[in-house]
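**Q** The following block contains the structure, expressed as structure tokens.
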Amino acid sequence: MKRVAKPVFFIVLAVILAFTGIVFFGVHTQYGDFTNTIIRGVSDIRWGIDIRGGVDVTFTSPADYDATNEEVDAAKSIVETRLVANNITDYEVYVDYNSDKIIVRFPWQAEDDSFDPEAAVKELGATALLTFREGSEKSLSDGQTYEDLPLIISGSDVEKASAVYQLKSGNSKEYEYMVSLKLKDSGKDKFAEATKKLASSKGYISTYMDDKCISTASVKEEIGGGEATISGNFTADEAKALADQINGGALPFKLETSSFSTISPTLGTGARDAMAIAGVIAFALIMIFMIALYRLPGVVAVIGLIGQVAGTFCAITGFFPFSNSFTLTIPGIAGIILAVGMGVDANVITGERIKEEINSGKTIDTAIATGYKRAFSAVFDGNITMIIVAIILMGAFGTPDSLASTILKPVFFMFGASTEGTIYSFGYTLMVGVILNFLFGIFATRLMTMSLSRFKIFRNPALYGGKSAKKRAAEKAAATEGGASK
């Protein structure tokens, strides 16, 4: 049996403690008001919308419309453009080509009291088809719709739209917010020709966003130069929103909302803090239990569990700024807690096996080696089972482009993409925690325990929860005497 050197315990302990400190606090440098992140810490965790608050919505195409992959990609791009236009950059957008789904998740900032999630979803899903048409709604006969008005140009003919504050047309004193349009070459001639014709007949141009008339203006002269304006008693925000919609472009097909949920930032943060407090209390109780029941192996087990938790948070933050971080949700926190429970179970099994070996008369070194060997198969089977379950959860509830979903696509393709990203988070943290349990709960703790056993002060069987040689001999003698008296 190969023996482990005495310094190994201190080396492994130092590595785990240093790693834990870096993972939890990170490494940052400060230059005035600018903070440069060298290594991410717990404060850099990207929280899911069920914690920080946000919106989770799934858009689909109409039941009678079969969108192509190119149209779904175009719709996704437009939705992303609209999110950025609303200063929402920390978003997640996924597509499922099989069922024409677009899954959108974005945060709800706690300080934004004016945020209306329903209005935001409605704006994201609006087709936003801009059209300029000859005439006005008053010129429509019964049974006619705006589509019966002759089309002049559409949003595809607009190169750029911007909100402006300028003088009203025909009024040299009053200003108003309006939207200024710069037309593409494809729209310049068509718009100039139409305005020339309408000016001669004192006609009107109506501007529609989808089926809503947002402006109707009389045409007094030909409008050339490739520029046009839309006025309609807009506020500054309304003018900007309209310009953003025009710049974003029209969706290739109508988006229908198949699922929609929101959560308040206050509620999510409260749940996170409650789970964090419960986790700290539970970990403290586990420390007391492990040390009281298994003595020295219990102390080593606690060190291993600390390393396991630190490794899990490392996988969540991405550690380095250039690596991808993982979004942590409330179920993800539950996955961490369950993985810690698996780690405790592994150490309990190992501690019991070592205790059994010592009580059977084995030496300390033999008891440790045999105890870990006997415990490995049970721990391995349990951990492998949990890893398989975690991968299945990640495949079933992950986004369509995730690795687990791609691998398990032949199994889950008939169900379409899941909108339950929180369950994916649970599977991810569970899998990472269980894998780290192999590293810290089996190999690291084994090295530390065998290293400590080299010190004379730590060779007392009582430190491993076992009985001393004298006590075992006394119990054996008492049992022999009792059997003889019978």
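The values are calculated or read from the model by the stated rules, or taken from the named source; none is laboratory data. Since the model is a prediction, treat every value here as computed from it, not as a measurement. Neighbour counts run over all protein chains shown; Cβ positions are idealised from the backbone, glycine included.
**Q** Could you list, in sequence order, the residues of region 280-318 that are on the phi > 0 side of the Ramachandran plot and under 16 Å from the mean Cα position of the chain (by Cα)?
**A** Within region 280-318, just G318 meets the criteria.
**Q** Follow-up question, since we're still on this one. Hey, could you check region 292-333 for residues that are in contact (Cβ under 8 Å) with a residue 40 or more places away in the chain and of a type in the set (F, W, Y) and say which is nearest to F397 (Cα to Cα)?
**A** Residue satisfying both the conditions and the ranking: F326.
**Q** Right, something else. Please work out if M342 is among the aliphatic types (A, V, I, L, M) and under 27 Å from I11 (Cβ atoms).
**A** So M342 fits the description; yes.
**Q** Out of everything in region 222-248 that is out of contact with any helix residue (DSSP H, G or I) (no Cβ under 8 Å at 6 or more places or on another chain) and among the charged types (D, E, K, R), what residue ends up being surrounded by the most Cβ atoms within 10 Å (Cβ to Cβ)?
**A** Among them, the one singled out is K240.
**Q** So which strands (runs of 3 or more DSSP E) stay within region 31-123 end to end and still have 1 or more residues that are among the acidic types (D, E)?
**A** 54-60, 92-96
**Q** Pick out, from region 193-248, the strands (runs of 3 or more DSSP E) lying fully within it that include 3 or more residues that are touching a residue at least 60 places away in the same chain (Cβ under 8 Å), assigned by TED's automatic domain parsing to the domain that holds T145 and touching a strand residue (DSSP E or B) at 6+ places or on another chain (Cβ under 7 Å).
**A** Once the strands (runs of 3 or more DSSP E) in region 193-248 are filtered for at least 3 residues that are touching a residue at least 60 places away in the same chain (Cβ under 8 Å), assigned by TED's automatic domain parsing to the domain that holds T145 and touching a strand residue (DSSP E or B) at 6+ places or on another chain (Cβ under 7 Å), what remains is 204-209, 227-234.
**Q** What is the residue count in region 22-77 for residues that are free of Cβ contacts under 8 Å to residues at least 24 places away in the same chain and under 17 Å from the mean Cα position of the chain (by Cα)?
**A** Selection size over region 22-77: 1.
**Q** Still on this structure, I have one more. For the structure I just gave you, tell me whether V27 is of a type outside the set (F, W, Y), at pLDDT 90 or above and over 20 Å from I316 (Cβ atoms).
**A** Taking the combined requirement at face value, the residue does not satisfy it.
**Q** Here's something else I'd like to know. What number of residues in region 148-189 are within 21 Å of P252 (Cα to Cα), in a strand (DSSP E or B), of a type outside the set (K, R) and touching a residue at least 24 places away in the same chain (Cβ under 8 Å)?
**A** 7
**Q** Inspect all residues belonging to region 206-221 and state whether any of them is surrounded by 20 or more Cβ atoms within 10 Å (Cβ to Cβ), closer than 27 Å to G125 by Cβ and not hydroxyl-bearing (S, T, Y).
**A** yes
**Q** I'm checking my understanding of the structure. Among residues of region 39-64 that are at pLDDT 85 or above and small (G, A, S), which one is surrounded by the most Cβ atoms within 10 Å (Cβ to Cβ)?
**A** S61
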